[in-house]
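**Q** My questions will all concern the structure given below.
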Amino acid sequence: MPVDSHPNCRFYVEIGGMAQAVFTEVSGLQLEMEVMEYQEGGNNDFVHRLPGRTKSSNLTLKRGMTNSNEFFQWYAELAQGKITPKNVSVVMYDVTGNELARWNLIKAYPVKWIGPQFNAHDAAAAVETLELAHERLELA
């Protein structure tokens, strides 16, 4: 059976169960296994390499600036000691609008906010970036 590939431009991001369709870029859907090395006594020919803990990357979201400052406020609350974790989902759709995959980030919270970069000679859209840490990543 042939495997179909799908365009990466059809996605939505849900934060706290609410669709946030304004994101233009998502990166950081990544898991990585740490490798532990164990040297066995009396055997110098090789080193055992064993699977260790799984690490997940931070999720980075980019969107054009809007009138809302909700992401800056979410980050500012964290900087003041108020942690408000939210479940975040990245949902991929096919060209007909059917859901293909859903990545759920459990108990996500902002660890970095980047405002737009300004250049008087550039007509590009102003973009804000939000980086989220999370407890775990699930593929539903």
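**Q** Kirkwood hydrodynamic radius, the range 11-139, all distinct C-alpha pairs: what's the number in Å?
**A** Evaluated over the range 11-139, this radius sits at 17.1 Å.
**Q** A follow-up question, please. Using only helices, what value at 222 nm comes out for the chain when you add -39,500 (n - 2.57) per DSSP H run of length 4 or more and divide by the total residues, to the nearest 500 deg cm²/dmol?
**A** The helix contribution divided over the chain gives -2000 deg cm²/dmol.
**Q** A follow-up question, please. Enumerate the calculated ³J(HN,Hα) couplings along the range 121-128 in order (Karplus 6.51 cos²θ - 1.76 cosθ + 1.60, θ = phi - 60°), each rounded to whole Hz, writing x wherever the residue is Gly or Pro.
**A** Values, residue by residue: 9, 10, 9, 5, 5, 6, 10, 10 Hz.
**Q** Could you give the angle, 0 to 90 degrees to the nearest 10, between helix 70-79's Cα long axis and the longest principal axis of the Cα atoms of the chain?
**A** 50
**Q** Oh, and also: Please compute the length gained on full extension between Val127 and Met33, using 0.36 nm multiplied by the number of residues separating them and subtracting their Cα-Cα distance.
**A** 30.6 nm
**Q** Report the semi-axes of the equivalent ellipsoid for the range 24-95 in whole Å, largest first, where each axis is √(5λ) for an eigenvalue λ of the Cα gyration tensor.
**A** Numbers: eigenvalues 343, 68, 18 Å².
One finds semi-axes of 41, 18, 9 Å for the range 24-95.
**Q** Same structure again: Report the relative contact order of the range 85-140, percent, no decimals, based on alpha-carbon pairs under 8 angstrom and at least 6 residues apart.
**A** 37
**Q** Students often forget the sequence filter, so: which aspartates and glutamates lie under 19 Å Cα-Cα from Lys82 once same-chain residues fewer than 8 apart are removed?
**A** Excluding near neighbours in sequence, the set is Glu70, Glu131, Glu135.
**Q** Using Cα-Cα distances under 8 Å and only pairs 6 or more residues apart, what relative contact order does the range 11-139 have, in percent?
**A** Once normalised by length, the contact order is 26 percent.
**Q** Within 12 Å, Cβ to Cβ, of Pro116, how many net charges do the neighbouring residues add up to if Lys/Arg are +1 and Asp/Glu are -1?
**A** 0
**Q** Shape of the range 55-120 from its Cα gyration tensor (a ≥ b ≥ c, root eigenvalues): rounded if a/c is under 1.5, otherwise prolate when a/b > b/c, or oblate? Don't jump to the answer; show the numbers that get you there.
**A** On the way: a/c = 2.25, a/b = 1.29, b/c = 1.74.
It comes out oblate by the Cα gyration axes.
**Q** About its Cα centre, what dipole magnitude does the chain give when the only charges are +1 on Lys and Arg Cβ and -1 on Asp and Glu Cβ, stated in debye to the nearest 20?
**A** 380
Here, each number is a calculation from the coordinates, and none is a lab measurement. Just so you know, these numbers come straight off a predicted model, no measurement behind them. A quick note on method: Cβ atoms are made from the backbone with ideal geometry, for glycine too, and the neighbour counts reach across all protein chains shown.
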